[in-house]
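The values are calculated or read from the model by the stated rules, or taken from the named source; none is laboratory data. Since we're looking at a predicted model, the values are computed, not measured. So basically every Cβ, Gly included, is an ideal-geometry build from the backbone, and we count neighbours across all protein chains shown.
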Amino acid sequence: MSIETLKSLFDYKAWANRELFLLLISLPAEHAEQLHTCIRTLNHIYVVDRIFQAHLSGEASVFNATNTKETPVLLQLREDVEATDAWYINYVSTLSSSAHSEILNFTFTDGDQGRMSREEILLHVITHGGYHRGNVGQVLKSISIAPPRDLYTKFLHQSEPERRH
């Protein structure tokens with residue numbers, strides 16, 4: 001996969017996250033239980049993103065599980081997610097073509113050993129986030145709130161309107 005495509009996918013991920021957080025911030029107070037579920041799910045995405053960020057950086061992860069015991073405040077989580085999204089966008093923008101296929105060995109939070117290429121890790125981060133944003137969308141639908149249209153095609157046509165011609 002080209003660096004341009006990876007960057008586009010991470011730009012899309014950041015856009016989809018912004019859209020979702022914007023909606024969640026406006027949820028009425030009577031949906032506190034559902035909002036809590038959404039925050040827990042989004043925090044899981046964030047934690048996994050950070051774990052794989054550590055693997056890509058060759059650093060130790062600050063997380064030893066795929067979610068935190070405490071539920072973060074929505075606005076703080078939004079800031080943390082935005083910073084992590086920016087890190088990934090910068091990372092893929094500076095990744096050399098030869099580094100894509102480099103194999104990394106790491107340990108999952110359950111203690112099992114893992115082995116993936118940098119590109120596979122990056123694709124996992126993209127697909128994992130999309131899967132769980134879909135879970136949040138289902139929670140929103142259960143309370144009759146339409147989730148943002150988390151579509152790569154929508155992102156491309158909004159960010160590059162010339163594609164419509």
Within region 73-84, can one find any residue that is within 14 Å of Ile51 (Cβ to Cβ) and part of a loop (DSSP other than H, G, I, E, B)?
no
Looking only at region 124-165, filter to residues that are among the basic types (Lys, Arg) and closer than 18 Å to Lys13 by Cα; which one of those is surrounded by the most Cβ atoms within 10 Å (Cβ to Cβ)?
Arg133
If you check Gln53, Gln34, which single one turns out to be modelled with pLDDT of 95 or more, polar (S, T, N, Q) and over 22 Å from Ser117 (Cα atoms)?
Gln34
Of all residues in region 1-43, which are outside any helix (DSSP H, G or I) and of a type in the set (Gly, Ala, Ser)?
Ser2, Ser26
Within region 138-165, can you find the residues that are of a type in the set (Gly, Ala, Ser) and in a loop (DSSP other than H, G, I, E, B)?
Ser144, Ala146
Out of Ile51, Ile45, report the one residue that is of a type in the set (A, V, I, L, M) and more than 25 Å from Leu22 (Cβ to Cβ).
Ile51
Out of Ala60, Ala16, which single residue is among the hydrophobic types (A, V, I, L, M, F, W, C) and either in contact (Cβ under 8 Å) with a residue 60 or more places away in the chain or surrounded by 11 or more Cβ atoms within 10 Å (Cβ to Cβ) (or both)?
Ala16
Taking only pairs six or more apart or across chains, which ones have beta-carbon atoms under 7 Å, a first residue in region 150-165 that is free of Cβ contacts under 8 Å to residues at least 40 places away in the same chain, and a second residue that is outside any loop (DSSP other than H, G, I, E, B) and surrounded by 13 or more Cβ atoms within 10 Å (Cβ to Cβ)?
Arg163/Leu156; Arg163/His157; Arg164/His157
Could you list all residues from region 78-123 that are of a type in the set (Phe, Trp, Tyr) and exposed (fewer than 14 other Cβ atoms within 10 Å of the Cβ)?
Phe108
Hey, among the residues in region 120-151 that are modelled with pLDDT of 95 or more and among the charged types (D, E, K, R), which one's farthest from the chain's Cα centre (by Cα)?
Lys141
Do we find a residue being more than 27 Å from Ser8 (Cβ to Cβ) and either in a loop (DSSP other than H, G, I, E, B) or more than 15 Å from the chain's Cα centre (by Cα) (or both) anywhere in region 86-106?
yes
